[in-house]
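The values are calculated or read from the model by the stated rules, or taken from the named source; none is laboratory data. Keep in mind that this is a model prediction, so the values were computed, not measured. Backbone-built Cβ (ideal geometry, glycine too); neighbour counts: all protein chains shown.
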Amino acid sequence: MRYVSYLDSDQTPCWGVVTDSNDIVSSTQLGLVAPTLKKAIASGELASPNRLNLDSTPTLRLDEVQLQPVIPDFGAMYCTGLNYSDHARESGKEAPSAPRIFVRLQNSLVGHDQSIIAPTVSEHFDYEGELAVVIGRSGRHIPEEEALAHVFGYTCFMDGSVRDWQKITTTLGKNFEHSGALGPAIMPASHVPDVQALTLTTRLNGRVVQQANTRDMIFSVAQLISFVSTMITLQPGDIIATGTPDGVGQSRNPPLWLKIGDDISVTVDGLGTLANRIDA
Ligand SMILES: O=C(O)C[C@H](/C=C/C(=O)C(=O)O)C(=O)O
């Protein structure tokens, strides 16, 4: 089972659980009153996913709804730069001695199967496949040993990056409207035995362009949580993206830029596949 945020046929924001057969049991059917997935996470009522009553007959299929970025109203999304040494090398940079954190804005993201919008002012639009972490429990100065207890679950992230604007500032290059994607769903942390042993694959029009294992991160998920929480209190529903491995389009010869009509997907084994089309 996984959690999703979606719009129903009336464009009403909803959330619910996706069963293993890709049916959706809505929050109302689950008997839960929280209006958003973020609020449900914060209330603690999803802390034991195995206790949820999934007996209601599902009325919707996953492919019938418009999926949103898994927590569309997140308070903060912290992203990590250069967290795989092969990617730092291909970028011509040193492996960092501390996590390079930047942020993404809500409106820079879309959900699974929604159009990612290519910038009109740049042809240097690049893909970056990543693992993303959804925070479940708030905390400040979280020790590394306790960090994973603050995780609600995991999902996939496509950190679409406008490289020439990124040279002006990271904030600009990483925040074009609808330039990235988050989803399709959140896999509860209890269903992920070892987050540092997951294979991540990015495909462009079906061709594998990035493949790595999360064991090769420079800073582990626990270290990233601990580090960010040194700066600020992490809140339920906050997202931490863990950085991309090597194989990005910018580092190829010739460069491989995203174009309108391309299909881009990010698969993290055990979590699912986030797939999007590039649109104008
Ligand atoms: O250009 C920057 O300053 C940001 C850049 C981001 C890299 C990633 O997004 C990544 O490696 O996943 C960096 O930190 O150099």
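Observations on the model:
- Of everything listed in (1) in contact with a Cys (Cβ under 9 Å, 6 or more places away or on another chain); (2) under 22 Å from Ser5 (Cβ atoms); (3) within 16 Å of the ligand (Cβ to nearest atom), the single unmet condition for Ile101 is (2).
- Residue match in the range 149-162 (condition: free of Cβ contacts under 8 Å to residues at least 60 places away in the same chain, closer than 21 Å to Arg100 by Cβ, assigned to a helix (DSSP H, G or I) and not assigned by TED's automatic domain parsing to the domain that holds Leu37): no
- Among the candidates Asp86, Asp8, Asp73, Asp20, residue that is of a type in the set (Asp, Glu), surrounded by fewer than 18 Cβ atoms within 10 Å (Cβ to Cβ) and within 16 Å of the ligand (Cβ to nearest atom): Asp86
- Here Arg61 meets the list (1) of a type in the set (D, E, K, R); (2) modelled with pLDDT of 95 or more; (3) under 20 Å from Thr273 (Cα atoms) almost entirely, failing just condition (2).
- When Ala88, Ala147 are screened for being over 22 Å from Arg203 (Cβ atoms) and in contact with a helix residue (DSSP H, G or I) (Cβ under 7 Å, 6 or more places away or on another chain), only Ala147 passes.
- Any chance Pro13 is within 22 Å of the chain's Cα centre (by Cα) and surrounded by fewer than 16 Cβ atoms within 10 Å (Cβ to Cβ): yes
- Beta carbons closer than 9 Å, at least 6 apart along the sequence or on distinct chains, pair a first residue in the range 82-103 that is in the same structural domain as Ser179 (by TED's automatic domain parsing) and without any contact (Cβ under 8 Å) to a residue 24 or more places away in the chain with a second that is surrounded by 15 or more Cβ atoms within 10 Å (Cβ to Cβ) and hydroxyl-bearing (Ser, Thr, Tyr) for Gly92/Ser251; Arg100/Thr80; Arg100/Thr170.
- Members of the range 167-203 that are free of Cβ contacts under 8 Å to residues at least 24 places away in the same chain, surrounded by fewer than 19 Cβ atoms within 10 Å (Cβ to Cβ) and within 12 Å of the ligand (Cβ to nearest atom): Lys167, Ile168, Thr169, Leu172
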